[in-house]
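Here the structure is laid out as structure tokens; the discussion comes afterwards.
The values are calculated or read from the model by the stated rules, or taken from the named source; none is laboratory data. Every value quoted in this text rests on a predicted model; they were computed, and no experiment measured them. Here the Cβ is made from the backbone with ideal geometry for all residues, glycine too, and neighbour counts use every protein chain on show.
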Amino acid sequence: MSETSGQPARRPMIEVQGLYKAFNGNEVLRGVDLVVTEGTTCVLMGVSGSGKTVLMKHLMGLLYPDRGTVRVDGEDISRLDEAGLDRLRRKLGILFQANALFDSFTVFDNVAFPLRERTKLSEAEIREAVNKSLAVVGLTPAAQKFPGELSGGMQKRVGFARATILRPSILLYDDPTAGLDPLTTASVNEVIFTGKQQLGATSLVISPDVASAFKVGDFLALLHEGRIIEYGPPEEFRRSEHPAVKDFLRSWLKRQAQHTKGS
Ligand SMILES: Nc1ncnc2c1ncn2[C@@H]1O[C@H](COP(=O)(O)OP(=O)(O)OP(=O)(O)O)[C@@H](O)[C@H]1O
Ligand SMILES: [Mg+2]
């Protein structure tokens, strides 16, 4: 982790130290260290089953460390009570692979939902906030449509608008491009940029897709055998001499080549 000279060190928003987590003797995380500083986007990579989702669940307080600490915006999640956790979760915008939109709600009402549930804003204020948020993701014309009437990429953007309507300072994406076609993947990448640029949010993106990782990440990390074995800006990551990183990149390239041949 190099610091650019002359610039103030950024505040760590996500800080994982020596995190161990096992399930029935299956040691999934074996000393994870990871820091994501304010306003940056870190892409977490790793093969299926390496523990990426398990790691992310610790950040939301859905899982607790066996050992080690997890701090989000300076708060140790193991020390928070229910009220503290609730406060912390309000700072998080979470986007899973499935958008979990409400099918019987319009786009507008989907995005308005967290404001109606969580705030005491007036309808006029809600309308203003939702319209602004829809404009950010280019969905103003779709406000009165239902999710079923939208393309996959548009649904993702609604999911993003809803996840960010409470202006979270941290965005967590768990494999947002899984199973998506290239065009939709590109629009998800756009959405991640939007989160960074328009909200200035700190983002942790889980993505096994190396191409997306290089596009959106300020920092790339590889989770391997329970640890972050490589961490750095894309160019540094690409040049890594770590055998597991080389393997990971090589096997991704191979899969890409097969994919291209097959289609
Ligand atoms: N609640 C749980 N109870 C028991 N085992 C679990 C639990 N959650 C995860 N695991 C195990 O932890 C390991 C890592 O799972 P995880 O879902 O984090 O993988 P992943 O890296 O997210 O994979 P993928 O890329 O396929 O999503 C797996 O072996 C999984 O079976
Ligand atoms: Mg996962």
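Suppose we keep only residues that are in contact with a helix residue (DSSP H, G or I) (Cβ under 7 Å, 6 or more places away or on another chain) and not polar (S, T, N, Q) within the range 188-203. Which one would you say is farthest from ligand 1 (Cβ to nearest atom)?
Initially, the range 188-203 is screened for residues in contact with a helix residue (DSSP H, G or I) (Cβ under 7 Å, 6 or more places away or on another chain), giving 188-189, 191-195, 198-199, 201, 203.
Narrowing further to those that are not polar (S, T, N, Q): 188, 191-193, 195, 199, 201.
Working: 188: 16, 191: 20, 192: 18, 193: 23, 195: 21, 199: 25, 201: 22 Å.
Looking at the filtered set, the residue picked out is 199.
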Residue match in the range 30-39 (condition: away from ligand 1 (no atom under 16 Å from the Cβ), touching a residue at least 60 places away in the same chain (Cβ under 8 Å) and either loosely packed, with under 14 Cβ neighbours inside 10 Å or closer than 17 Å to residue 224 by Cα (or both)): yes
Index of the failed condition, residue 9 passing every other in (1) within 9 Å of ligand 1 (Cβ to nearest atom); (2) in contact with an Asp or Glu (Cβ under 7 Å, 6 or more places away or on another chain); (3) not β-branched (Val, Ile, Thr): (1)
Residue 148 vs. criteria more than 22 Å from residue 40 (Cβ to Cβ) and within 16 Å of ligand 1 (Cβ to nearest atom): no
Residues located in the range 43-92, provided they are within 13 Å of ligand 2 (Cβ to nearest atom), under 13 Å from the mean Cα position of the chain (by Cα) and touching a residue at least 60 places away in the same chain (Cβ under 8 Å): 44, 45, 52, 53, 55, 56
Selection count where residues are touching a His at 6+ places or on another chain (Cβ under 8 Å), crowded, with 18+ Cβ neighbours inside 10 Å and not in a helix (DSSP H, G or I), scope the range 40-82: 4
Some residue of the range 83-98 being crowded, with 20+ Cβ neighbours inside 10 Å, in a loop (DSSP other than H, G, I, E, B), within 13 Å of ligand 1 (Cβ to nearest atom) and not hydroxyl-bearing (Ser, Thr, Tyr): no
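Of all the strands (runs of 3 or more DSSP E) wholly in the range 147-231, which have at least 1 residues that are modelled with pLDDT under 85? Can you show your working first?
Numbers: elements: 170-174, 202-206, 219-224.
Passing ranges: none, list empty.
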Neighbours by Cβ (under 7 Å, 6+ apart or cross-chain): first from the range 237-263, touching a residue at least 60 places away in the same chain (Cβ under 8 Å); second surrounded by 10 or more Cβ atoms within 10 Å (Cβ to Cβ): 248/45; 248/222
Some residue of the range 5-14 being modelled with pLDDT under 95, within 16 Å of ligand 2 (Cβ to nearest atom), within 28 Å of residue 194 (Cβ to Cβ) and part of a loop (DSSP other than H, G, I, E, B): no
